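Chemist: Quick one: the structure is below, and I'll ask about it shortly.
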Amino acid sequence: MLPALRPVIAAFVLALAPQSFAEPDSQLPWSPSDGEVLDFDVTRNGKSFGEHTVRFAVSDGEIKVRNDIELEASLGPIRIFYYAHESDEIWVNGRLSQMDGVTKKDGDTLTLDVEAQGDVLLVDGSGYEGEVPSDIVPSSHWNLNQIKSQKILSSENGEILDVKVEKVGTETVKVGDETLTADRYRLVSDLTVDLWYDQSGRWVKCQFEARGQSIEYHLKG
């Protein structure tokens with residue numbers, strides 16, 4: 001597909017789609033405390049691959065979220081893979097109000113800028129430009145409302161992704177020195193991702209396959 005046609009076709013599809021992408025929910029399922037950090041070690045086939053950190057600042061009903069990811073694989077002194085992502089989200093009364101980010105992936109730079117305007121979000125991304133319903137959830141994974149969604153917003157480039165979700169079961173997960181009970185969900189979209197959330201709704205683990213490699217996120221505690 002010609003790149004210039006993607007925003008036009010995406011806008012046409014959105015115009016025909018339902019006006020809500022998730023079950024209405026004015027509150028977040030899990031409320032982080034001010035200064036809370038989700039710090040994940042990332043492994044590839046059991047070996048160190050990088051880190052994914054989510055930081056929260058909370059004040060007066062507003063939640064600011066900072067996402068930082070850096071993944072790298074080398075063969076001896078030669079880097080064979082590098083991925084870096086940084087983004088900032090602002091949530092007000094359980095809804096996304098603003099988001100911006102930059103991702104370096106496979107030698108490409110992807111960008112995203114989102115801003116609430118009335119009952120919609122204005123998306124200006126390298127994968128999509130236009131309006132989306134204000135209840136859409138970005139693919140940054142920390143928000144449990146993602147599993148209630150039929151479509152999610154790519155945190156990399158603003159593309160609108162179809163998603164199917166199933167609950168796999170309830171399992172025990174090691175977090176630091178603790179063993180926690182967590183619900184496991186499978187999100188099938190452009191990538192199939194398994195996500196674990198503890199009983200408070202906090203994101204505690206992630207697993208997916210990419211390029212034949214097993215990638216796992218383990219919350220440090």
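Chemist: Where the only charges are on Cβ atoms (+1 Lys, Arg; -1 Asp, Glu), what is the dipole of the chain about its Cα centre, to the nearest 20 debye? All intermediate terms of the calculation are to be shown ahead of the outcome.
Modeler: Values: 21 positive and 38 negative charges, 146 e Å.
With only Lys, Arg, Asp and Glu charged at Cβ, the dipole is about 700 debye.
Chemist: Taking 7 Å along the Cα-to-C-beta vector as the label spot, tell me the Lys104-Gln27 distance in nanometres, rounded to one decimal.
Modeler: 4.2
Chemist: Please state the relative contact order of the chain as a whole percent: Cα pairs under 8 Å, 6+ residues apart? Write down the numbers at each step before the final one.
Modeler: On the way: 530 pairs, mean separation 37.7, N = 221.
Computed over the chain, the figure is 17 percent.
Chemist: Counting heavy atoms of the protein chains only and a 1.4 Å probe, report the per residue accessible area for segment 111-210 as a whole number of Å². Write out the running numbers ahead of the final one.
Modeler: Working: 4390 Å² over 100 residues.
Accessible area per residue, segment 111-210: 44 Å².
Chemist: At a Förster distance of 25 Å, what's the computed FRET efficiency of Glu209 paired with Arg66, Cβ-Cβ distance as r, to 0.05? If you can, show how the numbers build up before the last one.
Modeler: Values: r = 27 Å, r/R0 = 1.10.
Here the calculated transfer efficiency is 0.35.
Chemist: With a 1.4 Å probe and all protein chains left in place, how much of the accessible area of segment 164-221 comes from carbon and sulfur atoms, in whole percent?
Modeler: On the way: 1330 of 3070 Å².
Roughly 43 percent, rounded to a whole number.
Chemist: Along the Cα→Cβ direction, 7 angstrom out, place labels at Gln150 and Glu166. What is the inter-label distance in nm?
Modeler: Between Gln150 and Glu166, the simple spin-label model gives 2.0 nm.
Chemist: Output ³J(HN,Hα) for segment 155-166: one whole-Hz value per residue in order, computed from phi by the Karplus curve 6.51 cos²θ - 1.76 cosθ + 1.60 with θ = phi - 60°, and x for Gly and Pro.
Modeler: Result, rounded to whole Hz: 6, 8, 9, x, 5, 8, 10, 5, 9, 10, 10, 9.
Chemist: Among Val114, Val123, Val37, which one shows the highest mean-square fluctuation when the chain is modelled as a Gaussian network with alpha-carbon springs under 10 Å?
Modeler: In this elastic network of the chain, the residue with the biggest mean-square fluctuation among Val114, Val123, Val37 is Val37.
Chemist: List the lysines whose Cα lies under 26 Å from the Cα of Lys174, skipping any in the same chain that are fewer than 8 positions away.
Modeler: Straight-distance partners of Lys174: Lys47, Lys148, Lys205, Lys220.
Chemist: Quick one: Debye curve from the C-alpha atoms of the chain, no solvent, what's log10 I(q)/I(0) at q = 0.08, 0.09, 0.12 Å⁻¹?
Modeler: Relative scattering, expressed as log10 I(q)/I(0), comes to -0.28, -0.36, -0.66.
The values are calculated or read from the model by the stated rules, or taken from the named source; none is laboratory data. Nothing here was measured: the structure is a model prediction, and the numbers come from that model. For neighbour counting, all protein chains shown are included, and Cβ atoms are generated from backbone atoms with ideal geometry for every residue, glycine included. Calculation scope for accessible area: heavy atoms of the full protein, side chains included, ligands and nucleic acids excluded. Shrake-Rupley method; radii C 1.70, N 1.55, O 1.52, S 1.80 Å.
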